[in-house]
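Heads up: the structure comes next, in structure tokens.
The values are calculated or read from the model by the stated rules, or taken from the named source; none is laboratory data. It should be emphasised that the depicted structure is a prediction, and the values quoted were computed from it without experimental measurement. When we count neighbours, we look across all protein chains shown, and the Cβ atoms used for this are built from the backbone with ideal geometry, even at glycine. These area figures cover heavy atoms from the full protein model, side chains too; ligands, DNA and RNA do not enter into them. Shrake-Rupley method; radii C 1.70, N 1.55, O 1.52, S 1.80 Å.
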Amino acid sequence: MLRLPVCRLAALLATTISAAVASAQPHLINVGIGIDDMTSDGQTVIGKIYDRPVFEDAVVTYTRGGSIVRIPGAVVGGNEVLRSSDDGTAMSLHMDNVDDWGDLNCFDSNYNGDNPEPCTYVPAIAHHWTSNTGWVNCGSFPTNEVVQNYDCVSGTFPYTVRIGGTRCDFSINTPNDISGDGRYVIGAGWFQTGAPRSDGCAPFGFCGDFYPFRWDSQTGIIEQLSVLPGTTTARADRTNYDGSVIVGYDLSIAIDPDGPGPITVEPTNPIRKLAVWRNGVESILDGYGHRGSPPVNSDGTMIAAQTSEIQTELLFGPPSGTEDLLHYSRLVRWTWDGASYVAESLGKPALFGGFPAIQMIVTDISADGNTIVGAVGYGAVDFAPQLTWRTFIWKPTINGGAPIDLQNYLQSQAAPGDTTFDNSEMWITYVDHLSADGNTMVVNFQTFAEPNDCLPIIPNAILDLNGTTCEPPVVELDATAIVYDEPSALQSGVINCRTSGSWPMTFQWQRKDLQTAQWVDIVDDPDQDCVLLFGEYNFQGARTYQLRMGFDPSIVFPCDALSGDYRCIVSNACGTVTTDTAHVTITADTNPGGCFSLPGDMDSDGFVSVFDIPNFVASLLCKPMPDFLQADRADMNADGIKDGLDIQEFVQAILP
């Protein structure tokens with residue numbers, strides 16, 4: 001049963017005016033969740049949001065013009081990979097192996113057998129979801145136990161060893177993608193062959209080889225995809241609509257393409273080869289290395305990626321002029337001609353900051369293959385930490401058919417006077433998950449005009465290239481009642497304001513004054529060194545979507561200084577919204593300075609008595625309290641909500 005606070009001081013939608021613009025221009029829609037995928041129509045995003053009451057990430061969806069919907073039952077684990085079908089009716093997730101598929105949760109080794117339950121940790125494994133089935137464990141490669149003799153250092157001994165699917169550290173396998181129709185989950189899993197170790201002894205049974213798989217939700221069968229002879233590591237990363245075309249890598253030795261010719265290949269080091277499985281048959285598109293997880297379009301006819309230096313030279317000839325091999329890689333689109341994939345160079349971005357593009361990671365491709373997005377690393381050497389990263393977009397109709405810096409392109413398309421995408425205002429750090437038509441995508445960005453230099457705002461957002469209407473802010477998840485009761489020397493508490501709407505947005509946190517019952521704007525305390533975990537402050541982030549409560553040892557009653565009623569006001573060009581009230585309770589266990597406060601002791605005399613009744617009633621009714629107090633102590637049971645249950649405990653406390 002839902003219990004509501006006695007007092008809900010909140011203005012929901014203060015303004016709902018939509019400001020239409022004259023023509024289609026790009027705009028950002030801030031989304032109050034961490035986005036992992038988007039439906040093909042560009043209207044719904046799928047992601048995760050941290051659910052503090054259960055200390056878990058909740059899987060949610062958000063539809064533009066709608067609200068956040070929680071997908072129940074998810075126990076997010078491993079690397080938390082979450083993907084969605086084209087219409088959002090099916091999902092895949094790296095989730096804890098809660099039903100202990102393969103009896104692997106407590107498996108210790110071939111030598112020690114199983115650990116006693118409960119196990120120390122639960123490894124993660126691929127899961128599949130629909131509204132009809134809920135979360136279904138996909139399992140992994142079939143496994144069984146066999147007895148084999150091993151010529152170990154001290155003699156020949158028989159050992160019972162596991163052959164087949166196994167786990168490695170915290171994972172059994174990883175689901176990297178789901179087919180557009182929702183039927184197949186693809187990824188890679190750990191496989192133990194039972195082969196002896198270098199000293200001839202039996203293997204431990206952990207880790208081993210790493211093989212790509214495709215799991216069929218209709219049959220429940222997991223299929224191990226073929227790999228090159230001798231390959232022990234390969235992975236499936238992306239798949240098309242019906243799961244018939246899968247893109248990934250095959251880690252194996254590169255072959256010198258021209259023998260004694262000018263192109264040289266290190267013959268001993270395995271390299272990630274760009275692989276494609278078409279109807280189960282593997283072929284190699286780039287045998288000399290690739291980066292990222294190259295995408296494939298919905299019908300499987302086009303694949304986009306950066307080519308390696310050697311593959312670029314093989315496809316398009318040696319570099320000319322001043323361009324050397326290091327800077328020679330290109331954005332390439334492979335197109336299926338009915339018999340094989342044919343490579344087409346789409347060029348490379350221009351210099352940025354005087355430096356050329358060295359690394360290019362392609363993240364997605366539209367259904368027709370005519371929109372490609374990703375990231376580019378610019379620099380003088382091929383070393384990621386020394387590169388400057390920018391996002392790019394490619395369309396045949398812009399920039400002469402060459403990749404262009406995404407942010408510069410957006411700035412050129414913005415309305416006169418609109419500085420949203422100016423490089424001085426923000427930096428788009430990531431782009432992925434295109435809609436089918438290529439006009440909507442997911443981005444992360446960081447703003448530079450920070451209201452708090454110590455707390456950069458890095459939202460997840462939907463970027464609509466053809467946006468026509470300003471979307472007013474909407475509270476997607478209120479800053480609900482919170483109780484902080486865990487020992488910590490870092491910070492007392494955090495409240496998040498989860499809102500959606502057109503960017504730019506402004507945020508202002510407020511706290512209710514106990515003497516006047518009026519809302520007062522919170523102002524950040526100085527924290528010149530930006531030591532947000534160990535800094536001595538009360539509040540940081542008062543004008544961001546996350547308010548942090550710190551620990552100031554100079555305050556005699558640190559818990560009283562922070563406990564109370566909070567809310568956030570969010571505004572943009574077409575509206576303002578106020579969150580519901582969040583009552584924050586910070587207990588003595590949280591703060592190393594102690595609290596020295598007693599629930600119900602409304603007059604701070606050290607006792608709960610009839611003299612506390614006026615302030616207690618005022619708190620419940622959201623009225624000014626007659627006496628000055630350090631904090632609102634009316635939350636008698638410390639559940640974060642002031643309601644009838646607190647009245648019951650208060651009465652019991654004052655009775656003799």
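Site pair ASN269 and VAL281 shows an inter-label distance of 3.3 nm when each label is modelled 7 Å from Cα along Cα→Cβ. Put simply, when 90-98, 465-473 are sorted by average Cβ atoms within 10 angstrom per residue, most first, you get 90-98, 465-473. For the set ASP86, ASP464, solvent exposure ranked by accessible area (probe 1.4 Å, protein chains only) runs largest to smallest as ASP86, ASP464. Each of the peptides 29-35, 235-241 was scored by the mean count of other Cβ atoms within 10 Å over its residues; in descending order, highest first, they stand as 235-241, 29-35.
Cross-link check: pairs LYS348/LYS395; LYS273/LYS348; LYS48/LYS642 evaluated at a Cα-Cα cut-off of 19 Å; pairs beyond the cut-off: LYS273/LYS348; LYS48/LYS642. The mean accessible area for residues of the range 156-232, using a 1.4 Å probe and ignoring ligands and nucleic acids, is 39 Å² per residue. Computed from the C-beta positions of ASP242 and VAL342, the FRET efficiency with R₀ = 22 Å rounds to 0.50.
On the basis of the beta-carbon distance and an R0 of 22 Å, VAL153 and ASN115 show a calculated FRET efficiency of 0.25. Summary of packing: across the peptides 271-278, 185-192, 426-433, 99-106, the per-residue average of other C-beta atoms within 10 Å ranks them, highest first, as 185-192, 271-278, 426-433, 99-106.
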